[in-house]
Amino acid sequence: MNRRAFLSAWAGTAVLSAVGTNLRLSRLDGRPEAVDLGAVEATVLVFLSTVCPISNAYTDRIKALVARYAGKPVRILLVSANDNETVDEVRSYAKDVEFAVPLFKDWNNVVADRFDARMTPEAVVVDRAGEVRYQGAIDDAKNPARVKVEAVRLTVDALLAKQATEIGRIRSFGCTIKRVRKER
């Protein structure tokens, strides 16, 4: 863990680091897409897996987030970062789950590396200035009936209300992101 993230967590603030406001993603047809994080009040990146049972158990909760923020200055980006999942598998998954927003493929784990995402599902909430305001689990329970803290919702709602975000990090649980082997 980097020193700033450690100190931020220790001090109780949810601002982890600045990542800038430009992001490049790849659509499932291979077309690149430039995303300006500064164009909206909050951007939520959700790292998903087509095969992780915990990631797949969050499908309805992710759809609820998408529906909650439809028409608001919030962008939700769904990202498949696993190197062991082919684009055809990701396309099939996207068709089956019918998310109302596109699912992007993170070739070579560029986006996952940029945010140091490690698990599926894992969420990152970035504000208009490019500051990471929350990173971790979408909520605090695998079983939806046991959820007490909806971390992503609370963070985005605070950003929309221009209030301080007071959510500490909730450790992500699920499956690890299968990364591309990098030359050393």
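All of the numbers you see were taken from the coordinates with simple rules; none came from a lab. Just so it is clear, the structure is predicted and the values come from calculations on it, not from any experiment. Positions of Cβ are generated from backbone atoms using ideal geometry, with glycine treated the same way; all protein chains shown enter the neighbour counts.
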Straight-line reach check, K182, cutoff 20 Å on alpha carbons, 8 or more apart in-chain or any other chain, hits among lysines -> K105
Here the averaged projected area of region 67-130, based on the convex hull of its alpha-carbon atoms and given in nm², is 5.0
Rg/Rh over Cα atoms for region 13-176, Kirkwood Rh, comes to 0.93
With 0.36 nm assigned to each residue of separation and the Cα-Cα distance removed, K148 to V51 gains 32.3 nm
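Length gain on complete extension for the stretch V180 to D113, per 0.36 nm per residue less the alpha carbon to alpha carbon distance?
Values: separation 67, 0.36 × 67 = 24.12 nm, distance 1.06 nm.
Extra length from V180 to D113 when fully extended: 23.1 nm.
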Cross-link reach from K72 to lysines, straight Cα distance under 23 Å and at least 8 residues apart if same chain, gives K63, K162
Residues R179, R153 in order from fewest to most other beta-carbon atoms within 10 Å are R179, R153
Looking only at aspartates and glutamates whose Cα falls under 18 Å of K178's and that sit 8 or more positions away or on another chain, we get D83, E85, D88, E89, D106, D113, D116, E122
Helix-only [θ] at 222 nm, the chain, -39500 (n - 2.57) per DSSP H run of 4+, per residue, nearest 500, equals -7500 deg cm²/dmol
